[in-house]
Structures are given as C-alpha cells and as structure tokens.
C-alpha cells in the first residue's frame, strides 16, 4: 500500500488549485446570471486541463486518472459548473474517441478537442430515457453510406458551446439496446437545432440544452465501434465518467467543508467562536470523515483505472457515496453558516444547489445502487 | 543572451508559523514549499522576454541552493518553462552562503542577465542579490520593476522616491527585481509538467563556505490586545484609561 502522490501529481493538483482561485472571482456573478465561463475554459485549454488524459501524440497531457481527479476536485471546490464542463469533455468525448474510435476518427477529432478549440458533448439522455437509457427513441436509420438521424436529446451539457457530439441513437429497434449506435456528429451539420438554455437549480454557469435532430445525415465512418456497439459503449464510458463526477462531488463537499471550517473559527456566539461549541465541532468532524471516505473511494477508482483493473464497481461506489455526502456536507455547511449560509456571498448555498445534481446525472444514486448490488450479488 | 534566475525555496506564504520547543528554529514539519514569489515573477518575466524577443534569449536557467527537498520547487520552475536547472546541494543557511554557492556555480557560465528577487518571503533578508553581484564583480540594479530588451541593449526601470528611473546597465549584470516585474506568476501547463521530467537538472556539490550569521532566538509577536471603544463625547474616560489602564501617558 502506498498513499503518497508523485511529485507530478502534486504539481498538477497545485496547478489546478492556483487556477481555481481565478474561478472564485466571478463564480457568483456567473452563477446568478447563467454566464458560461468562456475565458476560464480558454485558459484551462491552454493549461492542458481539457485533454489531460489523452496521449501526447494527439496533443494531450498523457496524465493519469489520479492526476485528473485531483485537478477536478480542486476546480469543483471553487466552481462545479466549470468542473462539469471539464469532466464531460475529458471523460466522455476525449476518452471515448481515444479508446474506441478508429485511427481516422482519432486523427480527425482528438487534436481540436484536446486543444480546447472544440468542446465535446455526450448526447444520451432523452425526454423519456434518463436512467433507462436503453429506451432510445432517437432514430439513426441506416441509409447505406450514412445514417439519417431524427429525434430529441435532453439535458445536454455543453450543447451550445460544444461542437463535437457523441450521439446515441437507435438503428435497429427490434434488437433493443443492441440496436443502438454511437455516432460522432459535428454540431454544424444541417438539421441540428438547439433548444433554449435550461434555467437550472445549480451549475447555472454551464450551458445545458435539449438538441433536436431533423433528417441529419451522419457519415457511416463516424460510427464508433461495430454496428450495435452504442449502448455498451455508453455504459463503458459512464463507468469512467462516474469517477470524474465523483471527483466533482468530492470537490463540492470539500469546498463547503473548508468554508465552514474557516467560518466557524471566526464567527462568535455565546461568547466564543462557534467551533468551540460541540454542536458545530461534531458537524465538522462528521464532514471530515465523510470527505476522507469519499476521497479514498474516488482515488481507488482512479487507481484501478490507471492500473487497467476492473473499476466499474469502484466507480459506482465512489459516485454514489461522494454525491450523497456532497449533499449532506453542503446542507450542514449552510446550517453552520446560519443566515449567512442562506445568502450568495458565502458560497455555501451555491455549493448546496450544485451538490444536488451529482446525485442525479451520470447515473442517479439509485442507479449506482443497482450497479453495486448487482455486482455484489453476482460475485 | 542567457538569463539566470536565482530561486529560493520558501514555505507557502499562508503557512502558519510554529517554532520548535526551544524557540531556536522554525518547525518545518508539514510545511508546503513554494518558489519565492519574487523569484517566480522574475522567472515569468524571463520567459516573456524569451517568447517576445525573436531569438534574443537562448536559454533561461534557474538555480537554487538547497537539499534534495528543494527539488519539487526547482522542477516546478522547469514545468513553468525554464530550460534547465542547477541545484547546489547544501542547506541555505544564510545569504552569504547562498551567494557564495551561486557565485561559484555560475562564474564560468557567462550569464548575461542574472535575476534575483528583492527578498525571500521567509526571512526577508534582502541581501543575497547584492552580495552575489559583488562576488561576481558585476554591476547590479536594485528595486527593478520593469525589464526590456532592445536589440543588444537591456533597459530596466527602478523605483525611486516619487517615480521611476530608467537604467541601461552594461552586460552582464544582476537585476534585483520587485513586484511589477511581471503581472502574475505562471501556472505550469500539463505539457510543461510532463516536459519538466526530461529537462536537465544538474546537482552540484557545494564549495567550502561558512554561514556568517546564525539565529539566536525567535519570538512570536505579542497577541493583539482587545480593543476598548470609548464614546467620542467622553474624553475624560479616554484620558483616564490611557493613564491608569494602558499606562502610556
């Protein structure tokens, strides 16, 4: 066993921490007004955070998953909306194309994704297919040398700012989930229209939209894997994606905890700082234990992935636990802050709003428990 | 041209300072180490000069005096963009010892510009840069807040009472730089961190030299006393408190 980070991993964490300080300056304004963090994403691209896992031969950072989760935690600590843009981009389109794409697809799409010139999006959810992702209603009819796509996708992160979509659609409905294909679609393809900006509870600075496809022609060479590989591909990607979202949830919890720790040492009530009241000290202790557990789960899942060992169970555990404790820790953070926690200036109300989505997307906490229970009952 | 930046490995500026039991040293356990902020700005400016002046700068080198524990700090300088690094393997006990080691390490390297931060954020001695220029028998310019390269000439601005003066030193020279030399320190990129592994880091053994100063004792500052508010109309009470309680009049 070795719990030490390498010098490089520590340097990456520090780089992310230094960068994240810049996010804090305008995070409240962006959250309030739903402003996309364009200039921050540009700087993150220059620093290499937008393709950090990809092989350097495509321009990527070639970093390991431990470094990735350390960086995501630091960024989510300050701004979970910017973190989700980074997590989706790295974990899904970048990793998906690099791991399962053809050489032509890698050469064509990876360099512009890795440089951040183009942002990637993952189009799986539909109005009637969320947790039950196998019920895809979007159709990709096989027309010989292209697919003709019709349908609607929902809740798509980076739908309007992104320009390379990983789209899931049904080609052979009679085959059920084995009829689903994954296609790389460029957003400027005729027939694609973007729905209005979703007015969300949290992550308000990331852009989330529905996307409509009307007779969109996608060349056959843009399909990832063999015919019918789409659903399996989605599940594979989400296994890894969950590590990223778990790291994001962890970052949200840590952000709320660190702010609570500081506040409790400054705020006085009944003649002493509130950290000296056991009611508050015990809350802080509970937060610290939960965060430590979540961090260990996240790092273990990342370590398994780095070491090419099965990580599906570990990533589901990390995602479910980190998301659930993010909700608990942020709720307690608001409680520790009292009235100040209920106003924007102290950040914890935003972190509480941001925590909620981590229990919903990339597989709800309930879906994670299906994955976990099936795995432990099978073994 | 070749630029050298002298890097000091210092505790993070947010470190909560604790002393050892006998108050003779700072307890360095669990301290996070960083590049001295002034040195980091100097490095940033050197890299800007290299990028912005076509081929004027051939090489940006960083040097530190420190034991192996200083390597993450010097490697961060490589990740930020320095071309190579030198570490003189000894404990940086005082400014004289550091300046002696650096002078010895670089005397035959023919650097054109040597940049030193105006002070290090740990002991704030402000002595090393001046000592180094003297030992190398080079001109030095202090309090430099701007440095530009114009052809073969280097122009520096230094802050003086009420304004700035522009100085054109002959090369080589030592510039002791302060805030303003660069806007903000650079964050190393993923590519930079990856490439830092391959950049040369030379470890030199120290020459025999003694520190000329040592620390006798440290004392934490007096804790701030509680503030007592006196009503503006009650001057008599104020005078009474100053006289009898604070005992300063």
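Any read-out appearing in this document is the output of simple, stated calculations on the displayed coordinates, not a laboratory observation. What you see is a predicted model, and the numbers here were worked out from it, not measured in a lab. Ideal geometry is used to build each Cβ from the backbone, glycine not excepted, and the neighbour counts take in all protein chains shown.
Ignore the peptide's own chain and count Cβ atoms of other chains within 10 Å of each Cβ in A:43-51; give me the average, rounded.
3
Regarding segment A:323-374, what's the average projected area of the Cα-atom convex hull, expressed in nm²?
So the mean shadow area of the Cα hull is 3.5 nm².
Could you list the square roots of 5 times each eigenvalue of the Cα gyration tensor of segment A:128-192, that is, the equivalent ellipsoid semi-axes, sorted largest first and rounded to whole Å?
Equivalent ellipsoid semi-axes, largest first: 19, 16, 9 Å.
Take the Cα pairs of segment A:261-379, get the Kirkwood Rh, then feed it into Stokes-Einstein at 4 °C and 1.567 mPa s and tell me D in µm²/s.
82 µm²/s
Rounded to two decimals, what is Rg over Rh for the protein assembly as shown when you use alpha-carbon atoms and the Kirkwood radius?
For the protein assembly as shown, the value is 1.04.
Using a 10 Å cut-off around each Cβ, can you sort B:53, A:82 from fewest to most neighbouring Cβ atoms?
B:53, A:82
Under 10 Å, Cα contacts only: if you run a Gaussian network model on chain A, which one of A:154, A:296, A:33 comes out with the highest mean-square fluctuation?
A:33
Suppose only helical runs count, i.e. DSSP H with n ≥ 4. What mean residue ellipticity at 222 nm does that imply for chain B under -39500 (n - 2.57) per run, divided by all residues and rounded to the nearest 500 deg cm²/dmol?
-7000 deg cm²/dmol
Once a ≥ b ≥ c are taken as the square roots of the eigenvalues of the Cα gyration tensor of segment A:57-170, is the result rounded (a/c under 1.5), prolate (a/b larger than b/c) or oblate (a/b not larger than b/c)?
Verdict is oblate for segment A:57-170.
Shielding by partners for B:191-199, please: the mean number of other protein chain Cβ atoms within 10 Å of each residue's Cβ.
For this peptide, the per-residue mean of nearby foreign Cβ atoms is 5.
Using Cβ counts within 10 Å as a stand-in for footprinting exposure, how do B:86, B:187, B:63 rank, fewest first?
Placing the least packed residue first, the sequence is B:187, B:86, B:63.
How would you rank A:229, A:168, B:164, A:3, going from fewest to most other Cβ atoms within 10 Å of each one's own Cβ?
A:3, B:164, A:229, A:168
Can you compute the equivalent ellipsoid semi-axes for segment A:1-91, i.e. the square root of 5 times each eigenvalue of the Cα gyration tensor, sorted largest first and rounded to whole Å?
Computed over segment A:1-91, the values are 23, 15, 10 Å.
When the C-alpha atoms of segment B:1-119 are aligned to their principal axes, what extent does each axis show, in angstrom, from largest down?
54, 28, 23
Binning at 10 Å from 0, report for segment B:51-166 what percent of all alpha-carbon pair distances ends up in each bin.
Answer for segment B:51-166: a P(r) of 11, 39, 39, 11, 0 percent.
How big is the C-alpha Rg of segment B:12-66 next to the rule-of-thumb value 2.2 N^0.38 Å, as a ratio?
So the Cα radius of gyration is 1.70 times the expected 2.2 N^0.38 Å.
Connecting C-alpha atoms closer than 10 Å in a GNM of chain A, tell me which of A:69, A:218, A:298 has the biggest fluctuation.
Its mean-square fluctuation being the largest, the pick is A:218.
Distance between Cα centroids, segment A:274-330 to segment A:354-369: provide it in whole Å.
Taking the Cα centre of segment A:354-369 as reference, the centre of segment A:274-330 is 14 Å away.
P(r) of segment B:2-222 in 5 Å steps, Cα pairs, percent per bin?
1, 7, 14, 20, 21, 16, 11, 6, 3, 1, 0, 0
If I take all pairs of Cα atoms in segment A:204-275, what percentage of them are more than 13 Å from each other?
81 percent
Pop a pseudo-label 7 angstrom from the Cα along the beta-carbon direction at both residue B:150 and residue B:197 and give the gap in nm to one decimal.
Between residue B:150 and residue B:197, the simple spin-label model gives 4.5 nm.
If you average 1/r over all unlike Cα pairs in segment A:160-295 and invert the result, what Kirkwood radius do you get in angstrom?
Hydrodynamic radius (Kirkwood, Cα pairs) of segment A:160-295 is 19.2 Å.
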